[in-house]
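Right, one structure below, let's go through it.
The values are calculated or read from the model by the stated rules, or taken from the named source; none is laboratory data. All of these numbers come straight from a predicted model, not from anything done at the bench. So basically every Cβ, Gly included, is an ideal-geometry build from the backbone, and we count neighbours across all protein chains shown. Heavy atoms of the whole protein, side chains included, go into the accessibility calculation; ligands, DNA and RNA do not. Shrake-Rupley method; radii C 1.70, N 1.55, O 1.52, S 1.80 Å.
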Amino acid sequence: MNVLLAVPVLLPVLAAGSAMVLARFRLTSLLLGPVILLAVLGTAIALLVLADQHGPLVVQVGDWPVPIGITLVADRLSALLLVVSTVVTLAVLLFALGQRVTETRYRVFVPVFHPSYLLLVAGINLAFLAGDLFNLFVAIEMMLAASYVLITLDPTTVRVIAGMTYTVSSLTSSLLFLTAIGLVYAATGTVNLADLSAKLAALPVGLRAALALLLLVVFGIKAAMVPLHFWLPDSYPTAPAPITAVLAALLTKVGVYAMLRTQTLLFPRPDFWPLLLVLALATMAVGIMGAIAQDDINRMLSFILVSHIGFLLLGLALFNVAGLTGAILYMIHHITALAAMFLVSALIVWRAGTSAMREMGGLVRTDPGLAALFSLPAMSLAGLPPLSGFVAKFALLRASVDAAAVLTYTLAVAAVLTSLLTLYALGRAWSRIFWGEPRGASAGREAPDKLKARTWMSSPLLPGATAVLVASGVLVAVLAGPLTGLSQRAAADLANPQQYRSAVLGGERDGGP
Amino acid sequence: MSYLDLTMAVAVAGLYAVGFLLLLERSLMRVVLGFIVLGHGTNLLLLVAGGPPGAVPILGLAEPAAMADPLPQAMALTAIVITFGLTTFLLALAYRSWTFTGHDEVRDDIEDRRLESAEHRRQRERELA
């Protein structure tokens, strides 16, 4: 038994319960979250090292025999994503604490915010570690239920309407997921992923295709794949700023991770998947065109998020080690860069007193630090060398050119065009926000909301947490060599699931120190 | 596992059809009802997935070979708890939406309306010209 595996899930759940009880002790409830997340981060790093050295770590919860009980598995991909997501959730939590310290109206929500946020973290971690389909469903439900609460935390008309759209579309996808689980169980008699990967191969081709497509639709809704993306730009931007950052950076990636895991493990293909390539193309094109048309900074970033999901789909659709390596690298880059971008945007909105870019201007004179914080993740998202986006995009481009088919060449061209258009969209945002004459609240005029008129420096946690995320994005670029190696090994695990299967099914391991 | 009960299949299909139909309505109350019906359909499907009905799956009461498969029952139970909890949340949200807006209809998409009014304006200008 490897107890370490349960820590990233159990610790936040227990802490969520304690946070509810301890809500009246202000200092304790403020410190609880960051301390717990630091402990989870340490565990995640230990898991990554162990999984990289000894192969997948497996724990059968309650010691039930293999295909029946709940299985937790940490292979290289899960552990890697666990580390990245914990860094982001920690930084965002610090940002949220900073915001709550300075904005009085948020103090009211402390008793709800902390437990929900910790449950969100537990759900994300469980989704990465889940070794069977039903447990994955429970993890995603846990994460989404917490996100429904967080997105409507400080209810205004806009938030409630957007929250309704978000909740109903997520619930529909959850029920479809449950349907898929029922059908899979009826066909094979198991929901354990490793067990399924052996048993699904014996099913008729038509049934396998139907199950694969149903799971693609389910995770496509969660990952905001075009044409199932419509809910995202309407709901995410309305949430409180730190919530938007963590939802945008992590929730869609959990969908992509579930897609990676199920499609490679359950429905392996010898060659690339034309349908998913076309969907990736559509996602890139529709997303980036939406981004160019937007004036609201958060809506623009949401559309950029949608368009870049296309890059992840491209990596998966190639169905080879090179493509999967690119997808994993891109996932790491995108989680850090996007979370940083949304936090910076929160600071900009706070400083300017509006989220409409046409009403901003001249911020570079009043806030040069903010401009620096904006430029790094923006250039990284656009894929300029030597930042992390370039490393990931280059890997994906090379993989799709190496696949050498008309469709993959088309995708490579589309990916380059999407990167250029991202550069255009973010460059235009830069010139609107930072250049020109100072306007709005930054020019000293009275802000529409008195709270927003305060400087973003009022709590050192706000720029501090943002700077940590920006710096971790830079770190991804600095560590590109070792990370590429790690992603390659993780992708090789995905492409050859033998090791995963034998680790789960081959009885109990005595792995770990 | 090659067991198919026609009654159950029809019931599941009926619940899915009604559920999705209600989800597409504009009134939030009907959307919530649609979610409930759809949830029932999925839970029923999970139960059917367990194969033919059998004896109570408790050791000592029946032979293991005659027992119903307990795993889908456990999954259906979990799913029922989750859908129940989320239904209450959805109801609260619908109520909140009603207190804010005074009606319980899904609002038009703002950008959609903006595009539509721009189109109208252009059309009127063409007619005037």
At what distance in nm do the modelled label points of A:Val478 and A:Leu10 sit from each other, each positioned 7 Å from its Cα along Cα→Cβ? 3.5
In Å, what Rg and Dmax follow from the Cα atoms of the stretch A:269-478? 18.3, 62
Please name the residues of the stretch B:88-112 whose accessible area, counted over protein heavy atoms with a 1.4 angstrom probe, falls by no less than 10 Å² between the chain alone and the full protein assembly. B:Phe89, B:Leu90, B:Leu93, B:Arg96, B:Ser97, B:Phe100, B:Thr101, B:Arg107, B:Asp109, B:Glu111
Take the alpha-carbon centre of the stretch B:1-54, take the same for the stretch A:1-52, and report the distance between them in whole Å. 38
For the pair A:Met289 and A:Val61, what calculated FRET efficiency results from E = 1/(1 + (r/R0)^6), where r is the Cβ-Cβ distance and R0 = 60 Å, to the nearest 0.05? 0.85
Please give the per residue accessible area of chain A, computed with a probe of 1.4 Å over protein heavy atoms only, in Å². 33
The stretch B:1-57: Cα Rg divided by the 2.2 N^0.38 Å rule of thumb: 1.33
How many lysine pairs does the protein assembly as shown hold where the Cα atoms are under 30 Å apart and the two sit 8 or more places apart or on different chains? 5
Interface burial for A against B (accessible surface, 1.4 Å probe, total of both chains, Å², rounded to 100): 2900
Pairs of alpha-carbon atoms within less than 8 angstrom and 6+ residues apart define the contacts here; what relative contact order does chain B have, in percent? 22
Return one number: the angle in degrees, 0 to 90 and rounded to the nearest 10, between the long axis of the Cα atoms of helix B:28-49 and the longest principal axis of the Cα atoms of chain B. 30
Taking Rh as the Kirkwood radius computed over alpha-carbon pairs of the stretch A:1-144 and applying Stokes-Einstein at 20 °C with viscosity 1.002 mPa s, one gets a diffusion coefficient in µm² s⁻¹ of 137
Extension gain from B:Ala66 to B:Glu111, taking 0.36 nm per residue of separation minus the Cα-Cα distance: 10.2 nm
Sulfur and carbon atoms: percent of accessible area, chain A [1.4 Å]: 70
I'd like the distance separating the alpha-carbon centroids of the stretch A:274-316 and the stretch B:98-115, in whole Å. 26
With the 1.4 Å probe rolled over protein heavy atoms, chain B has an accessible area per residue in Å² of 65
Evaluated at 37 °C and 0.692 mPa s, the Stokes-Einstein D of the protein assembly as shown based on the Kirkwood radius over Cα pairs, in µm²/s, stands at 129
Can you classify chain B as rounded, prolate or oblate using the Cα gyration tensor, where a ≥ b ≥ c are the square roots of its eigenvalues, rounded means a/c under 1.5, and otherwise it's prolate if a/b beats b/c and oblate if not? prolate
For A:Arg26 and B:Ala92, what is the calculated FRET efficiency with R₀ set at 25 Å and r taken between the beta-carbons, to the nearest 0.05? 0.35
Only protein chains counted, 1.4 angstrom probe. Which residues of the stretch B:24-69 are at least 10 Å² less accessible in the assembly than when their chain is isolated? B:Leu28, B:Val31, B:Phe35, B:Leu38, B:Thr42, B:Leu45, B:Leu46, B:Ala49, B:Asp69
Apply 1/(1 + (r/R0)^6) to the Cβ-Cβ distance of B:Leu6 and A:Glu437, taking R0 = 51 Å, and write down the FRET efficiency to the nearest 0.05. 0.10
